[in-house]
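Values in this text are rule-based calculations from the coordinates and carry no lab data. Since the structure is predicted, the reported quantities are computational estimates derived from the model, not experimental observations. Ideal geometry is used to build each Cβ from the backbone, glycine not excepted, and the neighbour counts take in all protein chains shown.
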Amino acid sequence: MPALAADVLIWGGDALSGRFLPVHSHYRAWYPDNTLQTQAVAAPEMFYFMTETSFASFQLAAPIMQALKNAGFDKPTPIQAGALPAGLAGRDVLGTAQTGTGKTAAFALPILQAMAAAPLRPRRFAARALILSPTRELAVQIEQEFKKFGTGLGLHTVLIVGGVGRTGQVNRMSRGADIVVGTPGRVCDLLSTRELNIEQCQFFVLDEADRMLDLGFMPDIRKVVAQLPTRRQSALFSATMPKEILHLAEGLLRDPVKVAIQGVSSTPVLMEQSVHFVEASGKRHLLATLLKDPSVSRAIVFTRTKRGADRVALQLSQEKISATAMHGNLAQNARQRALEAFRTGAVRVLVATDLAARGIDVAGVSHVFNYELPNEPESYVHRTGRTARNGNAGIAVAFCDATELTYLNQIEKLTGVKLAVASGTRPAHAAPVKKPQPHPNLVVRKPKRAQYGEQNNQRRPSQRAA
Ligand code: ADP
Ligand code: MG
């Protein structure tokens, strides 16, 4: 690394297109007085951004510093460098950053630091901090992160998510909780029965707010916010900032410090992206062939539907490729089991719907396959964001049949990256989407002879009128 006089060094450069990332301009935005010097260096072989600040400069409590060291966090990521000073000073934070940028620690560390500085025993059923996440898996992950950085602080964390029994959660709440991580539905449920009390809650975090909006959680969130005390510290993190989220943030945050890192339109730079033009009927064979390559050490295959995920997982198992499906129709413990098996490496391939596209952080995902392209281009960015995390390399492979050409065009427009063609030829026009036709055996035809009731009705109209 060349020695440069800069507080922040941003290494950038798009391996694929040579496009330069505007990361450094965001840094400038945080330091409006221009006290910070930035320098961007094109070095495609080495990516990600680093900050010259270290965690030591934040004066965190000793157990937290130790936990950071154990976790291998030496330097804060940009969102952390931007959000931590504000959070530690007690300010509200509005953060925009794509997934995989380290948002969890950006909101967790200030909360942990405050709790380390003022250890209080929470009252029965009361929470000192509440973190809301859109999916159960993400909530589990956030709770684990809190536990990891909070070791040695003696904090009591409680996970409040749906899909599993509530008794255990209520029991854990009965002695009060320092940190509650939950999904909106179950949190509202426990609030309504007074088995969760947030009237004294000092910290509130809304993670992946735009996803919450997509999933229709806004009414639940409003219910939660209405019960929070006005004196509190809040943070809102979101990958995109649509109008609704900005509006929500206005009501939720008080004079927030805004931190923005790259728009959602950017895919990780160290990611190799390619597309196979293939007919729908050829996808199954192609996927099996590609997955048999041993360099595919850990892969996520995304399908559009839950049934599609089940079907592909089954087909792969038939090909003797260890695969498991994960989608919203599975019971919560089955979902968690599938994710755990994938995380530990017991299965090599996870076939999932967009449920797994956000926030799921599994180390070392080498490949992401888009078996079916998503109809929202942002989903492509989220899906592929499961690989090439944390400065690692990753490969994203898309399958595109003629009906999906429009989706592909939208994706290329959003990301500004033209996917390399790995096989097949690009169709000139998009084929119209075929509506699924029922199997001929399942079509219910009108019987040829009149049925019992029909005959009766026809013969005696006068009687019915009477
Ligand atoms: P996001 O919520 O933005 O998707 P996460 O908080 O899940 O991101 O972090 C993504 C990954 O990066 C996690 O594996 C996390 O442990 C790791 N990570 C976060 N911050 C750092 C850091 N400062 N140094 C090293 N690894 C980090
Ligand atoms: Mg996250």
Can you put Tyr452, Tyr371 in order of Cβ neighbours within 10 angstrom, beginning with the fewest? Tyr452, Tyr371
Region 154-282: spread of alpha-carbon positions along the three principal axes, whole Å, largest first, is 56, 41, 32
Set Lys147/Lys223; Lys413/Lys435; Lys258/Lys413; Lys243/Lys283; Lys75/Lys147, cut-off 30 Å on Cα-Cα distance; pairs above it are Lys243/Lys283
Under 15 Å Cα-Cα from Lys69, which aspartates and glutamates qualify once same-chain neighbours fewer than 8 residues away are excluded? Glu145
Can you check what the Kirkwood hydrodynamic radius comes to for region 271-434, Cα pairs only, in Å to one decimal? 15.7
Which whole-Hz ³J(HN,Hα) couplings does region 296-304 yield from phi under the Karplus relation 6.51 cos²θ - 1.76 cosθ + 1.60, θ = phi - 60°, glycine and proline marked x? 7, 7, 8, 10, 10, 10, 9, 10, 7
Relative packing of peptides 184-191, 166-173 - highest average C-beta neighbours within 10 Å first: 184-191, 166-173
Efficiency by 1/(1 + (r/R0)^6): what FRET value for Asp255 and Arg307, r their Cβ-Cβ distance, R0 = 56 Å, to the nearest 0.05? 0.70
Would you please give the FRET efficiency between Lys292 and Asn441, computed as 1/(1 + (r/R0)^6) with r the Cβ-Cβ distance and R0 = 45 Å, to the nearest 0.05? 0.85
If you take the beta carbon distance between Lys75 and Ala431 as r and set R0 to 30 Å, what does 1/(1 + (r/R0)^6) give as a FRET efficiency, to the nearest 0.05? 0.05
Toy charge model, Lys and Arg Cβ at +1, Asp and Glu Cβ at -1: region 103-260 dipole around Cα centroid in debye, rounded to 20, equals 560
Quick one: which residues, 5 or more positions from Gln233 or on another chain, have an amide H under 5 Å from its amide H? H modelled 1.01 Å from N in the peptide plane, none for Pro or chain starts. Phe203, Phe204
